[in-house]
Amino acid sequence: MVLRNDQGDEVHVPYNPRYLTTDMMALKTAALAGVGVVQLPVLMLRDELATGALVDLLPSWRPRREAIHVVFPSRRGMLPSVRALVDFLSEKYAAMDED
């Protein structure tokens, strides 16, 4: 795993996962049960971090932000409602502040 800080420093952290899944809710549940450390979007953990149920172990370090893709058949002939949804999602994602 690669982590970066606000100064642009980068560190490679080797790890061996104890539990592997693509289900983010399962990872959150496992972390709350004390299985181990989890890397999830802050948006999913705001309440747990606020109550102290979970703690941010490395507050100055973050993983690389991932891209979110919107997939649709073609721009040609795109319905106005689909264009409006793509624009809306793009604006909302750009405005998100996970820090």
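Values for this structure:
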| read-out | value |
| --- | --- |
| Sparsely packed trypsin sites (Lys or Arg not before Pro) within region 51-99, loop by DSSP, other Cβ within 10 Å at most 13 | Arg64, Arg65, Arg75, Arg76 |
| Cα gyration tensor shape of region 2-63, rounded if a/c is under 1.5, else prolate or oblate by comparing a/b with b/c | oblate |
| Highest-MSF residue in the chain out of Gly77, Gly52, Gly34 [GNM, Cα springs under 10 Å] | Gly77 |
| Of the chymotrypsin sites (Phe, Trp or Tyr not before Pro) in the chain, those whose Cβ has at most 13 other Cβ within 10 Å and which sit in DSSP loop | Tyr15, Tyr19 |
| Amide N proximity, region 66-99 versus Glu48 label position 7 Å along Cα-to-Cβ, cut-off under 20 Å | 66, 97-99 |
| Per DSSP, loop trypsin sites (Lys or Arg not before Pro) in region 1-56 with at most 16 further Cβ within 10 Å | Arg18 |
| Cβ-placed point charges (K, R +1; D, E -1), dipole of the chain about Cα centre in debye, nearest 20 | 480 debye |
| Under DSSP loop assignment and at most 14 Cβ neighbours within 10 Å, longest GluC sites (Glu not before Pro)-free interval of the chain | 1-65 |
| Among Ala50, Val82, Ala30 - extreme Cα towards positive end, dipole of the chain, charges at beta-carbon | Val82 |
| Between 0 and 90°, nearest 10: helix 80-95 axis offset from the chain longest Cα axis | 30 degrees |
| Fluctuation leader among Pro14, Pro80, Pro41 - the chain, Gaussian network, Cα springs under 10 angstrom | Pro80 |
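Throughout, read-outs are computed from the coordinates displayed, never taken from laboratory work. Note that this is a predicted model, so its numbers are computed, not measured. Backbone-built Cβ (ideal geometry, glycine too); neighbour counts: all protein chains shown.
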